[in-house]
Every structure is written in C-alpha cells, then in structure tokens.
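Trainee: This is the structure I want to talk about, given as structure tokens.
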Amino acid sequence: MKQLTLIASFLAILFLFSCNGGTGEDSSFPVPVDDSPDSVSVERTVPPNPVERVNADGVIVSHAISLRSESKYPADFAHFDYVNPDAPKGGTLTMAATGTYDSFHRYGQRGDSVPGAGLFYDTLMTASTDEIEVYYGLIAEKVEYPPEYDWIIFHLRPEARHQDGKPIVAEDVVFSFNKFFNEGVSQFKSYYGAVTSVEALDENRVKFTLEEGDKELLISLGGLTILPPQYWRDRDFAEPLTEPPLGSGAYRVSDYAMGQFVVWERLKDYWAMDIPTVKGQLNFDYLRYDLYRDEVVKLEALKAGEIDMRFENISKQWATQYTGPNFDAGYIIKEELPDETPSSLQRYVFNIERPVLADRRVREALGYVMDFEWLNHNLFYDQYSRTRSYFQGTPFEAMGLPGPEELKILEPIRDQIPEEVFTTEYQPMVTDGSGNVRSQIAAALKLFKEAGWEIRDQVLVNVETGEPLVFELLIYSPSSERPAIPFQENLKKQGVEMNIRLVDTTQYINRVRERDFDLISWAEGGSFFPDSGLQIGWHSEFIDSTWNLSGVQDPAVDYLVEGIVANQNDNQALLFWGRAFDRVLQWNHYGVFLWHAGISRVAYWDKFARPELKPKYSDGTENWWIDEEKASSLPQR
C-alpha cells in the first residue's frame, strides 16, 4: 500500500531504506501511472473539503476521518470494494529484497531494518486505497472530535489484541505516543509538540488534546503505531533489535537467518481478520523475503522459481531480460498495472551547504546537461517522461505563470525569490536526443560566468580562488551508475568533474542522515496534497532533519511552508499555496529532476487470483491470493 498516513511518513525517517530511499534508474517501489502534461490532461481542480455533521453534544462522531474529501464508505460497510471478502487464505508468497539487514526494529536510529518490518505493528486507523487520504478504523472503531479540531478521542475496539493475546487498551496508546515522543527521533517530538496531553479516559477511550485546532494533526495521530508496553517498557527505543519483538500486527517472524532471509507468519488467531478494513486482505499464511545483493541475481531467482513475484524498475531489464522458457510457456506472467497514484519524485539532490553548490546559478547550469531525451531513447527504451514538478501530475503542479491568487501569496516575498518565478514557466532543459549538448553547454557557461566561474585549460575554475568545480555523486545501487555516467561525461564537457561513489546501503544511509554528501540520487513517493510533512523537508526549523536533504534555510521557503500548514483545512487556498511553493522550489534548483514511468511493472508465477476491482491508488497485489488450481499446474520448482 503506497498511500501512507502522514505520521508514517515522519516515522519513515527512522528507517530510511527499509522500503525506499535512493534510487537506481527508477524508484525501488512500483511506479505510478504517467499523468504528466504531455501524456494525459492533468486535473487542475481539487475536491471540496468534507462536510462534517455535528451531533447534539457539539462534536463529530464518525467511523472515518478525512481532511480532503467525503468518505466513500458508510459506517456499516462490510469491506472495501477492491477486495474479495471470500478470498481463500493460505500458502506462501516469496519475494526478494536488496541488501541485508541487522535489526528487527524499523524505528531504531541505527541499523538496517528487516524487510517487511511494518508488519509487526498495527495502527489506530488505516487508509482506503481507492480514496485520497480517507482513514477508517483499525484498532480504533471510531473517532470523536469537535469542529474546532483541538482534541480527538479514539474509541478502541474491545476485541483488539497484541500478539500475545493481551488486549490493546487506551494506556497502550498513551505509552506508544510517549515512547515515540521521548525516545524516538527529534522530528517526532518537534511535530507533535502541539499535543499538550494524552490521556486514557477509560480502558477503550484515549484522548489527545492540542494547543490549538489542527485537523491535519488530529488525523495524523490515527497513524500512530501501537507498541506492546509489556515488551518495550524497559527497552531502549533508539537501539536496533537482534531478536524479533512482540508486536500488535497480523504477522510475526517465524524463521530467519540474519541478513539472509526472513519468514513472516500470519497469526492464526489474528483478531481483526473480519473487521471491514481488513476483510479480504492478508490472504497469505506466510510472507518470505530472500535477500540478494545483485538485481540480476534477483531476476534469475524469479526465472528459476525461487521467488514468486518481482517488481521491475529498470527499463532495460524489463524490455530485454524477462524472457525464457517459463515466460514462453506462460508459467511466468509479465504485466503492466495501471495506478493513479501521483508520480514518484526522482531527482538528484544538491547539498547546498557545500560552498561549491551554494549558488543557485551553478546548480541550474549543472542541470542543463542532464540529457534526458538521449537517456530515455538509448537507455530507457522510451518508457519514461521527464519530471518537472515537486507535485508532478497533480493540481498543485505549477504551470504557466502565476495567476492573481498566487501573486497575492508571492508578492510579499518577491525580493527573496528568483525573478523567474514571475516571468517564466519552469521547464527542464530539453535536447534533441542526439547526444550533442553544445547549445546547453553554451547556456550553462553564461550562468557559470555570472556566478564567478570560467574555463581555464578546459577546466571550470572559480575566478577568485582558481579552484576547479569538483563534486561527488553518492549512490548505493549499481543501477544508478548507468544513467549517471552520461551525465558525468556531459559535465566534463563543461569543465566540471563529477566523481561517482558507489557505497553499501549502510554507509549511504549514514551519510544521508548526516548530510555528508554533495549530490545524491533520491526518490520518494508522490503526494496527492501538499501537507505539513513539508516542514520536515524544507522548513529551517527542521534543518537537522534527515529529510531536509538539501539543507535549506530560507525565510521565503519557510513562509510558503507555513502557509501550506495553515491552510490544510481549505483545499482551494491550499491549491494556490502549493503551486506557489512548487514554483519557488523549481527556480531555486535544489536538485535535478529525473523521470517517472507510466506503470507498475510486475512479473509473477501464474499461481495467483485477484479481486474483480483494482484500487485506484495501488497496484492491488496486496489483495491477491493463491489459486490452488493454477499453482498445481505449474512445473515443480
């Protein structure tokens, strides 16, 4: 499921690469449908905010909560439309993961987390994947809050249980919040500093109170991971775990070899199997992840039947390597699944704290020789579109010039932002795809000259110091090197030296956390709406955040982020703040936009069945199950 709760995105800081982080040619998760301007018409409007019905006591009591739109499912819904409520349970799904792991604690502040670590725990609420940011009860059965949004009560299901069978009670929610707040990363404490109290009203009701009304913050609390106090009370939350912990979720670890494989077993008596938000899901008895260090070996494992399913993010591999007798016989199916989730944001990210990359003009000039058109045709089999926005393919993508509503927002900071924000629509540099980038180099050299750089003996040097322009691209996947080399060669033609350093995932994680890099290859999931999580990535108060990759400390960016935060309850106002924010980031050239694909590419052994409907905002594979008849017709593996 790619649609995460807001709090989950914050907690992701703690386990940067357990799911995704830096990229190869493409992101390490299934890529979304191509909704770029040159492929389909981009929707430019936003839905009205949800209408909330206040009861006689002056509060809202509901089975669902949403910031953006009306909930689709009524209080008495039986299951989501995109599942089969009668799906048979059983069997094992074997997947591959890259790298290694040395910890079972996804929230530890060091160590590589085990694949699937999120399976240990449940949350209070969970998202529907055929709606935009609508949340329904999981551990919590319903919520209660006032129209001022300054407190919320979660009503817990009496039947909710930890994995040891003990009831999940309100005190456990209090414990979990305090554990994250007091022992988790500092970003959690900063973001939830507005929570003034967390109290258990009785065994099944827990109340969060805020300093002031903030509906987005209330909703994010629904994503709180619930920890068993009986396990975590006397353990250091920051440290890695070398043994599987007790959890609150549906799966536990039944077998493993540290760093080599892990087997997750669904609890036979998992309490939530028949509640509406779970029914028809969790159809595999076992989930197994085998660890590989090489992508080619992972593909061969699929062909040999050692794994059941593989998502492919390398276009050349997809175009040329998914062949062989098992494909020809129809035993392995190769499929492209549509997905309406916003495009993943892939980019090279500059660390602007490095003196050599501090000047916006230098960063812009460096990006001029990213020859996407040549790369797409010669390396990517024309499977990608160029990314141009931090909100690619959403109504918040800045297009054209700012209109009257945006100008009202931008005028107070006109003197602090690039003039191009007002005069020119941002577009990445375009080439003719021939590999000849002379005109792009000429344009770049003009910018370099303005910034105080000149060519001496075919080397770009600083006019004042004579120092050459040299920096390093940090990557952890060999697949990232393939498209980086042409970029490196084009930079050399500018007189710029970009060294490429390939390190293991552990070193990469540590260096990103410390912002010890010049340039990194990075991807993150797309977002439907600009949300308060942008504070962690861009606001100067979060300069020490792992997510503030570029090291941005800019009052103009702070102002725009604060406007986005302040307008979370007003979709229409948020539309203009989001576009203004996008424009300012585009023209500050904090990175080089890369590319996005049009589909999720998946290959799998033909042993699965699936529901009739696929969710709009997911590939839907999480709702598949094993078809015993199909499985029996496959060759022995």
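The values are calculated or read from the model by the stated rules, or taken from the named source; none is laboratory data. Bear in mind the structure is a predicted one, so any value in this text is a computation, not a measurement. Here the Cβ positions follow ideal geometry from the backbone for every residue, glycine too, while neighbour counts run over all protein chains shown. Side chains are part of the model used for accessible areas, which takes the heavy atoms of the whole protein and leaves out ligands, DNA and RNA. Shrake-Rupley method; radii C 1.70, N 1.55, O 1.52, S 1.80 Å.
Trainee: Please list, or write none, the lysines whose alpha carbon is within less than 27 Å of the alpha carbon of K303, excluding same-chain residues fewer than 8 places away.
Mentor: Cα-Cα hits under 27 Å: K2, K89, K316, K334, K607, K614, K630.
Trainee: Still on this structure, I have one more. For an R0 of 45 angstrom, estimate the FRET efficiency from the Cβ-Cβ distance between A358 and E239 and round to the nearest 0.05.
Mentor: 0.80
Trainee: For the chain, what does -39500 (n - 2.57) per DSSP helix run (n ≥ 4), summed and divided by total residues, give at 222 nm, in deg cm²/dmol to the nearest 500?
Mentor: -7000 deg cm²/dmol
Trainee: Q507 to S254: FRET efficiency via 1/(1 + (r/R0)^6), r the Cβ-Cβ distance, R0 45 Å, to the nearest 0.05?
Mentor: It comes to 0.90.
Trainee: Measuring from a point 7 Å past the Cα of I500 along Cα-to-C-beta, which residues in region 291-317 have an amide N at less than 18 Å?
Mentor: Counting backbone N atoms under 18 Å from the label point, the list is 294-296, 313-317.
Trainee: Sorted by packing (mean other beta-carbon atoms within 10 Å per residue), highest first, where do 518-530, 205-217, 306-318 land?
Mentor: Top of the packing list down: 518-530, 306-318, 205-217.
Trainee: Here is a further query. Given the convex hull over the Cα atoms of the chain, what projected area results after averaging over all orientations, in nm²?
Mentor: Its average projected convex-hull area is 28.1 nm².
Trainee: If you restrict to DSSP beta bridges whose two residues both lie in the chain, what percentage is antiparallel, to the nearest 5?
Mentor: 80 percent
Trainee: Name the aspartates and glutamates eligible as straight-distance cross-link partners of K207: C-alpha to C-alpha under 13 Å, and not fewer than 8 places from it in the same chain.
Mentor: Result set, ordered by chain and number: E144, D150, E171, D172, E199.
Trainee: If I compute solvent accessible area with a 1.4 Å probe over the protein chains, what percent of it on region 196-303 is carbon and sulfur?
Mentor: C and S atoms contribute 43 percent here.
Trainee: Can you give the accessible area per residue of the chain, in Å², using a 1.4 Å probe?
Mentor: The answer is 39 Å² per residue.
Trainee: Going highest first, how would you order 464-476, 614-626 by mean Cβ packing within 10 Å?
Mentor: The packing order, highest mean first, is 614-626, 464-476.
Trainee: Run the quick spin-label model on A75 and D269: label points 7 Å from Cα toward the beta carbon, then report their separation in nm to one decimal.
Mentor: For A75 paired with D269, the spin-label model returns 3.2 nm.
Trainee: For region 104-188, what size does the Cα cloud have along each of its three principal axes, sorted from largest down, in whole Å?
Mentor: Ordered largest first, region 104-188 gives principal extents of 42, 32, 32 Å.
Trainee: What is the calculated FRET efficiency for K449 to D294, with r their C-beta to C-beta distance and R₀ = 41 Å, to the nearest 0.05?
Mentor: 0.40
Trainee: For region 93-173, give the percent of accessible area contributed by carbon and sulfur heavy atoms, probe 1.4 Å, rounded to a whole number.
Mentor: Carbon and sulfur atoms account for 46 percent of the accessible area of region 93-173.
Trainee: Using Cα positions and a limit of under 26 Å, work out the lysines in reach of K446, with same-chain residues fewer than 8 apart set aside.
Mentor: Correct list for K446: K492, K493.
Trainee: If contacts are Cα pairs under 8 angstrom and at least 6 residues apart, what is the relative contact order of the chain in percent?
Mentor: 23 percent.
Trainee: If you average 1/r across every pair of different Cα atoms in region 385-521 and take the reciprocal, what Kirkwood value do you get, in Å?
Mentor: After inverting the pairwise mean of 1/r, the radius is 18.1 Å.
Trainee: What distance in nm separates the simple spin-label points at A194 and V51, each placed 7 Å from Cα in the Cβ direction?
Mentor: The two pseudo-label positions are separated by 2.7 nm.
Trainee: Which residues does the label zone of F422 cover in region 551-595, counting backbone N under 15 Å from a point 7 Å along Cα→Cβ?
Mentor: Output list for this probe position: 584.
Trainee: Given all pairs of different Cα atoms, what value in angstroms does the Kirkwood hydrodynamic radius of region 338-429 take?
Mentor: 15.8 Å
Trainee: Can you tally the net charge around G435? Count Lys and Arg as +1, Asp and Glu as -1, for every other residue whose Cβ sits under 13 Å from the Cβ of G435.
Mentor: -2
Trainee: What length, rounded to one decimal in nm, is gained on full extension from L337 through to D415, with 0.36 nm per residue of separation minus their alpha-carbon distance?
Mentor: 23.5 nm
Trainee: Related question: Taking 0.36 nm per intervening residue step and subtracting the Cα-Cα distance, what contour gain separates R637 from R482 on full extension?
Mentor: Stretched fully, the R637-R482 segment lengthens by 52.5 nm.
Trainee: Determine how large the accessible area of H377 is when every protein chain is in place; take a 1.4 Å probe and give Å² rounded to the nearest 10.
Mentor: 110 Å²
Trainee: Taking 0.36 nm per residue of separation and subtracting the Cα-Cα distance, what length does fully extending D432 through Y231 add?
Mentor: Computed gain between D432 and Y231 is 66.3 nm.
Trainee: How many angstrom lie between the Cα centre of region 196-272 and the Cα centre of region 112-149?
Mentor: Between the Cα centres of region 196-272 and region 112-149 lies a distance of 12 Å.
Trainee: Suppose each label sits 7 Å from its Cα in the direction of the beta carbon; what would the A566-E612 distance come out to in nanometres?
Mentor: 5.0 nm
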